[in-house]
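The values are calculated or read from the model by the stated rules, or taken from the named source; none is laboratory data. Small disclaimer: the values here were computed from a predicted structure and weren't measured. All Cβ positions, glycine included, derive from the backbone under ideal geometry; neighbour counts span all protein chains shown. Side chains are part of the model used for accessible areas, which takes the heavy atoms of the whole protein and leaves out ligands, DNA and RNA. Shrake-Rupley method; radii C 1.70, N 1.55, O 1.52, S 1.80 Å.
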Amino acid sequence: MQQQRRQPELVEGNLPVFVFPTELIFYADDQSTHKQVLTLYNPYEFALKFKVLCTTPNKYAVVDATGAVKPQCCVDIVIRHRDVRASHYGVIDKFRLQVSEQSQRKALGRKEIIATLLPSAKEPPQQKEEEEKRIKEHLSESVFFEQTLCQPENRPASSGPSLLTVFLGIVCIAALMLPTLGEMESLVPLYLHLSVNQKLVAAYVLGLITMVILRT
């Protein structure tokens, strides 16, 4: 008789969390660093669900702040700094990556990631070393907030369709109202008579414009 494989007992808060990198540094003068990726690894034989929390969620946009990782797999979490300004230089923020079993709510493990905005990547080596040392020594307790506040940037409130869209819509409507080629009893000059194909194109474009207007 085969022995049943026993799953190790999972103690709340004791599960090691594997994430890379453990430190995010954004540079104000380098836009390519304003968007960075955290990779969460799941080396275990059971699925994990994760949640991202942050001390200052208003400064960051996080894609997929909650989700799941299959066994023996990894997932990328995109973090974008969306409030780059001088008053935030050197301020240390923290992210907390919290993981749990799919069927449970209790946090089995957590990992903290430090995030800092610096003015430039071209700082003198000595100044950069001092800054990194200060970041690593930052061990004070922090208050974390649910990452639901840290979702990707909301689309700006729509102010309605553009003038160009409205103008094109009016042109298409006018085209559909013009007489078709071959209609003799019309007061409209002959050069304004449109073919059937031209009217079909106008109707198609009008349909697209209508969809755009409805979405806005």
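Taking the criterion of being of a type outside the set (A, V, I, L, M), open to solvent by less than 50 Å² (accessible area, probe 1.4 Å) and farther than 16 Å from Asp64 by Cβ, the residues of the range 89-99 that qualify are Gly90, Asp93, Lys94. Inside the range 70-88, residues that are surrounded by 14 or more Cβ atoms within 10 Å (Cβ to Cβ) and either closer than 15 Å to Phe20 by Cα or acidic (Asp, Glu) (or both) make up a count of 4.
Among the residues of the range 71-85, those that are closer than 17 Å to Glu101 by Cβ and either outside any strand (DSSP E or B) or not assigned by the TED database to the domain that holds Tyr60 (or both) comprise Pro71, Gln72.
If you go through the range 4-19 and keep only what is surrounded by 11 or more Cβ atoms within 10 Å (Cβ to Cβ) and modelled with pLDDT of 90 or more, you end up with Val17, Phe18, Val19.
Just one of (1) among the basic types (Lys, Arg); (2) closer than 30 Å to Leu97 by Cβ; (3) at pLDDT 80 or above fails for Lys199. It is (2).
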